[in-house]
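This report refers to the structure that appears directly beneath it.
The values are calculated or read from the model by the stated rules, or taken from the named source; none is laboratory data. In this text the structure is predicted, and so the values were computed from the model without any measurement. Positions of Cβ are generated from backbone atoms using ideal geometry, with glycine treated the same way; all protein chains shown enter the neighbour counts. Remember, those area values only see protein heavy atoms, side chains included, never the ligands or the DNA or RNA. Shrake-Rupley method; radii C 1.70, N 1.55, O 1.52, S 1.80 Å.
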Amino acid sequence: MTWEIVIGLEVHTQLSTHSKIFSGASTAFGAEPNTQACAVDLALPGVLPVLNKGAVERAIKFGLATGSAIAPRSVFARKNYFYPDLPKGYQISQFDLPVVGNGQLTIHVPASGKTEAHEKVVRITRAHLEEDAGKSLHEDFHGMTGIDLNRAGTPLLEIVSEPDIRNAAEAVAYAKALHTLVRWIGICDGNMQEGSFRCDANVSVHKPGTPFGTRREIKNLNSFRFLEQAINYEAHWQIETLENGGTIQQATVLFDPDKGETRMMRTKEEAHDYRYFPDPDLLPLEISPQWIEEVRTTLPELPQAKQARYVNELGLSAYDAGILTASREMADFFEATQRVVPKDAKLCANWLIGEVSAQLNRDGLEMAQCPITAQQLGGMLKRIADSTISNAGAKDVFRTMWAEGGDADAIIEAKGLKQVSDAGALEKIVDEIIAANPAQVAEYRGGKEKVFGFFVGLAMKASKGKANPAQMNEILKRKLAG
Amino acid sequence: MLNSSLLQLGAALRARKISSVELTQLYLDRIATLNPELNAYITVNPDMSLAQARTADERITQGDASPLAGIPIAQKDIFCAQGWRTTCGSRMLHNFVSPYDAHVVSQFNSAGAVNLGKTNMDEFAMGSSNETSHFGAVKNPWNRDAVPGGSSGGTAAAVAARLCAAATGTDTGGSIRQPAALCGISGLKPTYGVVSRYGMIAFASSLDQAGPMARSAEDMALLLNAMAGFDERDSTSLQREKEDYARELNKPLNGLRIGLPREFFATGLSADVAQAVDAAITEYKKLGASVVDISLPNSRLSVPVYYVLAPAEASSNLSRFDGVRYGYRAPEYGDLADMYEKSRSQGFGAEVKRRIMIGTYVLSHGYYDAYYLQAQKIRRLIAQDFTEAFQQCDVIMGPTSPTTAFNLGEKGDDPVQMYLSDIYTIAVNLAGLPGMSIPCGFGNNNMPVGLQIIGNYFDEARMLNVAHRYQLATDWHVRTPSGI
């Protein structure tokens, strides 16, 4: 019997509030060390925490977006441990009564190896609010450690999944879906380099039908690639260990991206006793149904709802709908483009997924940095739709627009790309071609339909590429039929 | 001048019979003379106090009629005050100069009061005799061999010895009321949440409450008017309308129902204290009050419950004192763990370390349910007892402390004996109720006895009225220690 890998993820998302979760200091990234740490963040004697409502609203948004239960009453607890970048000697977090519980996220797992692309529902156990710690700087000070408390008190939402994930690909799909969602609903900027989105992976292996194995937790994975590599390495290591007659000890491990290995940080025996207890400085967090409803009105249409609408109302394929809702920026761009050419959703989808994405990719740009606007793209698609330009002409317009800007009509005019749709002129061209190539005409009429392409080529050439292809085809067919 | 009430001092200042600078200097001179022996202050800073006094004089000249403008008030050294060394009675903070003002301090500053100095206290407010202070014990002005009580012992001694016009204290399990009783002054712990804890160095956050300590109920009403009020920087501060705590001071006491908990008059109470408290009750009857026999059955559990909950919170609250950012750091250490260990071992005194260890233990995995959770349940039962009692009476009265002031060193080796000194006061903190102590006589050794008055939630104005009418009829509160 083969081994089954069991994975649960804990994802720390930094919430996009301007000020910290328990103080008024700024959360902006990259300031000089300790310039964004006020008396509360420094844990001076006598200071007290005051909860930032914005952080709570973001947690509620997340709960609504994942169909989770939002606790009418949740409690902040102190997690006690000593570390120089933890100024109070405890982290304010939530323990047995978190703000969000029992939700789920549907993920799309792409095809890989033997497994086909599939959808999967991953259950979310809970999500709780907590504050981040500061940073220890070991490199810059010879023989000493520097402490930067700018990050101390930054609001985090820790999202904990059930152990529903069965391989690294699913884990990455889940992490990506979560990453999309938190940016989509505007609660986290998702910047992984700056640490706004970090994953811990709990990994164990077992034989199906037997109880789950002992898990090891891989800490602080800040890229999807590392997440995948670390899980693959760890699962492989655990299986090998067990097959060699060894046992797995519950432990926390770190992933070394240079070596591609996980290594032991501490075992269960060495684990801290955090001595959680309710923080007496903060009252229980009470969330009224009215508050939840207020937050609900600020929630954008979610990716899944959009996908369904694109398929059912706009007639797009599920595949296209999935790509168009991969990010909020993409979906917004699509919808803005589609507003210009309301009847041609498929055309919009094709161009966005095709040319626009390819061009962005080539230039290393994000959707938000796209050099052309939805208005510009829509303006061009309108001219494809009304047959003013051919597809070939459109590519020319698009390249010019991308490089130099300008609107489609002006470019079409300037480059003389307008199609010839004058039936008389096209018939004249066709008549001349038929007259000049009697042998091929005979072949065609004899049943060799392949020759049709030959005539199309000649006709396009004769019209200098400006002939409306559909119309030209129709005339050719009619006249060749005799 | 030294025996004037705050109202009288305010009137004298506004009538220019005396300036704030002169009054401040008068107290500074007394401190210079008496403090070396009494040790009531940890820090005085004449330059800063006199500068504040000059500003107050200008305010008064410009017609400022704030009742506290120009009046020198001492702050317990648990309150952060900008530019002032703020030690909390500990070596750990022996060199900490606060960059900000506690809410209480800024309230007094904006009322125009003068900060006269920082008073001595048990280390991190943990103690009932003021003997755990890193800056040495405080002597009781009534008898220099006796303790002043604690933890607000420096404040109590300073008020009793006329080393300030009035002062602040904090009370976690009796730290305002017990020293007030032992030094023959008046002290009030308000309802939890009435005075902001912002800037007050935390001992046990769910129990800590600041309050006034003064020579009379009337003075305390004036002080509480300045101290109380909502502060958004403290999430446990209560959003209530501002009230005048002096509004009911003179109301007659006819019909007042006094509850006497039988548990407060049982074994353990010394006879001389019982006698003085009985006499006070008799006086109240003369003033029109009636007496109701009540029971607080769970109050016997308040000391053990307190010594689970308060150390639990303290063990976490005191974690920030780690030698990293401010305060004491051991001069020599090896690695990080050694730096923590040495700094905290050397920076904290024995009683503080004892409570950190108790607190760490009761919060530990496997013990939490049996200690912390169980104590929280009993805490609710204790509060419930009071709720039921207040259906039969308006205020509850009894002794503040089972004995008068004991001698320095007398209970040094026996923490449990020391803890029992707060047996009548602790339940009030656990319930979050307001409690008060006022002088009501003297014991066998001629040391003061305190009468404890416990009110229902937010009944401070009524309690002050109850105390004030008694102080109009008696003179215990104006007695002065000899040689003062």
Per the charge dipole of the protein assembly as shown (beta-carbon charges, Lys/Arg positive, Asp/Glu negative, Cα centre), the residue among A:Ala25, A:Gly101, B:Met227 reaching farthest to the positive end is A:Gly101
With every protein chain left in place and a probe of 1.4 Å, what is the accessible surface of B:Leu253, to the nearest 10 Å²? 0 Å²
Across peptide A:47-53, what mean number of C-beta atoms from other chains lies inside 10 Å of a residue's C-beta? 5
Run through the DSSP bridge list for chain B and note the antiparallel percent, rounded to the nearest 5. 65 percent
When the Cα centres of segment A:366-401 and segment B:251-306 are compared, how far apart do they sit, in Å? 89 Å
Within the protein assembly as shown, the percent of DSSP beta bridges that are antiparallel, given to the nearest 5, stands at 80 percent
Simple Cβ-charge dipole of chain A, Lys/Arg +1 and Asp/Glu -1, about Cα centre, in debye nearest 20: 1500 debye
To the nearest 20 debye, segment A:179-293 has a Cα-centred charge dipole, built from +1 on Lys and Arg Cβ and -1 on Asp and Glu Cβ, of 340 debye
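Could you work out the mean count of beta carbons from other protein chains within 10 Å of each residue's beta carbon in B:201-208?
Working: counts 4, 6, 0, 1, 5, 4, 1, 1.
That works out to 3 on average.
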If each part is reduced to its alpha-carbon centroid, segment B:373-407 and segment B:141-192 end up apart, in Å, by 20 Å
To the nearest Å², the heavy-atom accessible area per residue of the protein assembly as shown with 1.4 Å probe amounts to 40 Å²
Can you send over the carbon and sulfur percentage of the accessible area for the protein assembly as shown, probe radius 1.4 Å, protein chains only? 51 percent
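Which of the helices in chain B, when you take each full DSSP H run, stretch at least 27 Å along the axis at their Cα atoms and have an average Kyte-Doolittle score of 0.5 or higher?
Working: long enough: none.
Counting only whole DSSP H runs, no helix qualifies.
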Report, ordered by chain and residue number, the lysines lying within cross-link reach of A:Lys415, taken as a straight Cα distance under 25 Å and ignoring same-chain residues fewer than 8 apart. A:Lys382, A:Lys395, A:Lys428, A:Lys461, A:Lys464, A:Lys466
Under-5 Å amide H pairs with A:Asp256, H placed in peptide plane, nonlocal only: A:Glu261, A:Thr262, A:Arg263
Along the charge dipole of the protein assembly as shown, pointing to its positive end and built from +1/-1 on Cβ of Lys, Arg, Asp and Glu, which listed residue (B:Ala157, A:Thr180, A:Asn191) has its Cα farthest out? A:Thr180
Report the one residue of A:Val253, A:His206, B:Ser20 whose Cα lies farthest in the direction of the positive end of the charge dipole of the protein assembly as shown (charges on C-beta: Lys and Arg +1, Asp and Glu -1; origin at the Cα centre). A:His206
Order the following by accessible area, largest value first: B:Lys189, B:Lys17, A:Lys428. Probe radius 1.4 Å; ligands, DNA and RNA are ignored. B:Lys17, A:Lys428, B:Lys189
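Could you give the DSSP H helices of chain A that reach 30 angstrom or more along their long axis (alpha carbon positions) and whose average Kyte-Doolittle hydropathy is no lower than 0.0? Each step should come with its number before you reach the end.
Values: long enough: none.
Once both thresholds are applied, nothing remains.
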Is there a quick way to get the dipole size of the protein assembly as shown? I mean about its Cα centre, with the Cβ of Lys and Arg at +1 and of Asp and Glu at -1; what is the value in debye to the nearest 20? 1120 debye
Size of the A/B contact, given as accessible area buried on both chains, probe 1.4 Å, in Å²: 2700 Å²
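Here is the link list: A:Lys418/A:Lys448; A:Lys20/A:Lys268; A:Lys53/B:Lys76; B:Lys251/B:Lys285; A:Lys135/B:Lys118. Which ones come out longer than 24 Å on Cα distance? Kindly include the intermediate steps, with their values, before the conclusion.
Details: A:Lys418/A:Lys448 33 Å; A:Lys20/A:Lys268 32 Å; A:Lys53/B:Lys76 34 Å; B:Lys251/B:Lys285 15 Å; A:Lys135/B:Lys118 35 Å.
Table pairs above 24 Å Cα-Cα are A:Lys418/A:Lys448; A:Lys20/A:Lys268; A:Lys53/B:Lys76; A:Lys135/B:Lys118.
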Restricting to aspartates and glutamates and to Cα separations under 14 Å from B:Lys139, and discarding same-chain partners fewer than 8 apart, the set is B:Glu37, B:Asp122, B:Glu131, B:Glu410
For B:Glu460, B:Glu58, A:Glu217, give the ranking by accessible area with the largest first, probe 1.4 Å. B:Glu58, A:Glu217, B:Glu460
Accessible-area value, A:His138, 1.4 Å probe, nucleic acids and ligands omitted, Å²: 100 Å²
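Loop only by DSSP, 14 or fewer other Cβ within 10 Å of the Cβ. Give me the trypsin sites (Lys or Arg not before Pro) in segment A:183-291 that pass, ordered by residue number.
Values: sites: A:Arg183, A:Arg198, A:Arg215, A:Arg216, A:Lys219, A:Arg225, A:Lys259, A:Arg263, A:Arg266, A:Lys268, A:Arg275; in loops: A:Arg215, A:Lys259, A:Lys268, A:Arg275.
Counting only loop positions with at most 14 other Cβ atoms within 10 Å, the trypsin sites (Lys or Arg not before Pro) in segment A:183-291 are A:Lys259, A:Lys268.
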